[in-house]
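As structure tokens, the structure follows; a few thoughts come after it.
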Amino acid sequence: MTNPEQVPPEEAAEEKNPEEQAAPGSPPEGASSAEGIPPDQGSPPPPPTYGQPQPLSPSDERTWAMLSHLSVLLNLVTGILGPVAAFIIYLVFKDRSRYVAYHSMQSFIFQLIWWVGAGALAGIAWAVSGALAVIVIGIILMPLACLITFLPVAALVYGVVGAIQTSQGQDFRYWLIGDWVRGTLEEPPYRS
């Protein structure tokens, strides 16, 4: 065999293994076909769509809905970031999935009412009970303050139940809040 630099191109093609030689009419090795599609791929990828949000897959919807309900667990560590996380999930995915928007808004409002509101109510109940402890009335109010203290814990359990149901693909509605949120997220009818 001679040096490849000295062999004419016609002879170099003849020296190739017959399996390596391209079929007549096919583009040369490494080149793409006339449509701009590489020969080993089926169809061109769809053109990128800028400005239009891509819808989420059903499994992604379930995951983000579950995470919006599980954001209640952030309240254990931070005290207040659970509603913030649920609201951020709502803002990010409201145009991409009505399912995620519904569950994240539901979780946001639920946490505001039951975690923040009940936490503030528990603080007030303990303050009043402590102030009135000088008088016998404050001691009588302490069991009520204990019950109010468990409202945020009950909200935590309810949020985890919502996360489990949405991860399984079931529709979950918080009591009283779910129907209200569904009504506010529906588009109003157009008048002609």
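Pull out a ≥ b ≥ c, the square roots of the eigenvalues of the alpha-carbon gyration tensor of region 66-163, then state rounded if a/c is under 1.5, prolate if not and a/b is larger than b/c, and oblate in the remaining case. Prolate shape, in that a/c is at least 1.5 and a/b is the bigger ratio. Rounded to the nearest whole Hz, the Karplus-based 3J(HN,Hα) values (6.51 cos²θ - 1.76 cosθ + 1.60, θ = phi - 60°) of region 136-152 follow the sequence 5, 4, x, 5, 5, 7, 4, x, 5, 5, 5, 4, 5, 5, 7, 4, x, with x at glycine and proline. The string of couplings for region 60-65 from the Karplus curve (6.51, -1.76, 1.60, θ = phi - 60°) is 5, 4, 4, 5, 5, 5 Hz, one whole number per residue in order, with x for Gly and Pro.
Between region 63-114 and region 142-176, the alpha-carbon centres lie 14 Å apart.
No lab work stands behind these numbers, since they all come straight from the coordinates. Source: prediction; values computed, not measured.
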